[in-house]
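Down below is the structure, laid out as structure tokens.
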Amino acid sequence: MSEIEDIILAVADPEISARFYANLLGCRPVMAGPDRALFKLTSGRALGLLRRAGDRREVCEVDFPLEGAEAVDQAHIDWWDRGARILTPPTNATPVRSFVAGDPDGHRLRVYAVAAWA
């Protein structure tokens, strides 16, 4: 078992989170309701948003790999324009260029590209 297929995030309000991710990803969920939402990503994997039980809050990080530093910078501009809360602006940390945004529940969304020379 070396593959991870889907990402499931516990969220306070799946409808609010679904609107956030629909705007950010530029696609609609394939399923949405008061307790869950599901997005199918171009990779074939799914991003699920499930209403969390109680007040327990766990924060996850979701990584979005891109090809090249320019793509990271463009994604940063695009996500900023779409209203994403940028936690860390684009930076270089050899051999990666990345930025981090936050979703409505505090999950960290890291967009990155590994340098071609790495």
* To do: Using a 1.4 Å probe over the heavy atoms of the protein chains, calculate the carbon and sulfur portion of the accessible area of region 59-117 as a whole percent.
  => 55
* Please give, to one decimal in nm, the separation of the simple spin-label points placed at CYS27 and THR94, each 7 Å out from Cα toward the Cβ. => 3.7
* Geometric extent, Cα atoms of region 12-71 - Rg, Dmax (angstrom) -> 13.0, 41
* Report ³J(HN,Hα) in whole Hz for each residue of region 38-43, in order, from the Karplus equation J = 6.51 cos²θ - 1.76 cosθ + 1.60 where θ = phi - 60°; Gly and Pro get x. => 9, 10, 9, 8, 4, 6
* Asked: What ranking of ARG51, ARG45, ARG28 comes out by heavy-atom accessible area, probe 1.4 Å, highest first?
  -> ARG28, ARG51, ARG45
* Got a sec? Charge dipole of region 59-117, +1 on Cβ for Lys and Arg, -1 for Asp and Glu; which of ALA113, PHE99, ALA71 is way out at the positive end? -> PHE99
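Can you tell me the relative contact order of the chain? Whole percent, Cα pairs under 8 Å, sequence separation 6 or more.
For the chain, the relative contact order is 24 percent.
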* Solvent exposure of the chain as accessible area per residue, Å², 1.4 Å probe -> 63
* For GLU70 and VAL114 in one chain, what is 0.36 nm times their gap in residues minus the Cα-Cα distance, to one decimal in nm? -> 14.7 nm
* Would you calculate the separation in nanometres between label points at ASP55 and ASP35, each defined as 7 Å from the Cα along the Cα-to-beta-carbon direction? => 2.3
* Over region 59-117, calculate the relative contact order: mean separation of alpha carbon pairs under 8 Å at least 6 apart, over the residue count, as a percent. => 44
* Asked: How large is the Kirkwood hydrodynamic radius of the chain, in angstrom, based on all distinct alpha carbon pairs?
  -> 15.0
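The values are calculated or read from the model by the stated rules, or taken from the named source; none is laboratory data. Here the structure is a predicted model, which is why all the values come from computation and not from measurement. Using ideal geometry, Cβ is built from the backbone for each residue, glycine included, and neighbour counts are taken over all protein chains shown. These area figures cover heavy atoms from the full protein model, side chains too; ligands, DNA and RNA do not enter into them. Shrake-Rupley method; radii C 1.70, N 1.55, O 1.52, S 1.80 Å.
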